[in-house]
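The values are calculated or read from the model by the stated rules, or taken from the named source; none is laboratory data. Since this is a predicted model, take the numbers as computed values, not measurements. With ideal geometry, Cβ positions are generated from the backbone for all residues, glycine too; neighbour counts draw on all protein chains shown. Surface accessibility is based on the protein's heavy atoms, side chains included, excluding ligands, DNA and RNA. Shrake-Rupley method; radii C 1.70, N 1.55, O 1.52, S 1.80 Å.
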Amino acid sequence: MTHATPEVLLESSIRYALGVVLAITPELLSSPTPCREWDLHMLLRHASESLTAIGEGIEGGHVGLDPATECGDLVADPVRAFRNRASALLDLWTSPGHQRQVIEIAGCPLTASVMASVAALEITVHGWDISQACGQRQPIPRLLAINLLAIAPVLVPGTGRQPLFAAPVTVPPSADPSDRLAAFLGRTPLVRARHA
């Protein structure tokens, strides 16, 4: 099987996340999420801040470690803020020129393709989290999950992952790629069998 490029992974992850937020209603913002101690409102704020940081890295060539001052849109309408930032990142990523950039994070240079892979994993897993919190349980698209499963062990260590990720969760070999990816990242999926 041909693996997708980091560019395709990032675009696919953003489209998946934009699709799952369509199910969010104001009443759901206080719902618990797979992220321990976070409700949906907190998760949306975190995911939106991540999208902003990724965009800054692609556009400006560096990502700051200090959190930016919270914007009013995150407080007033976190769903709209997430959609706007995800759409802006997709537009920015698909514009010419980003492929040659080196992005600096805490003084460490990172190629744009590595940044795209990390961003795709982050956006996808939070899209999955949002979907779970909404009761929608929309699986990660099969090809996106398969491709992220191939690179996730390189991006996320098997041990010493706290506090970013919980330990991997065991799922049966018959679990579909979406559930296997969620489990690798410390989530407990409602396991679906793979289709032959």
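Got a sec? Which of Ser12, Ser31 is farther than 12 Å from Gly127 by Cβ, open to solvent by less than 50 Å² (accessible area, probe 1.4 Å) and among the hydroxyl-bearing types (Ser, Thr, Tyr)?
Ser31
What helices (runs of 4 or more DSSP H) completely inside segment 70-170 contain at least 3 residues that are at positive phi, surrounded by 14 or more Cβ atoms within 10 Å (Cβ to Cβ) and touching a residue at least 12 places away in the same chain (Cβ under 8 Å)?
none
In this structure, is Leu18 farther than 29 Å from Cys108 by Cβ, out of contact with any strand residue (DSSP E or B) (no Cβ under 6 Å at 6 or more places or on another chain) and at pLDDT 90 or above?
In short, yes.
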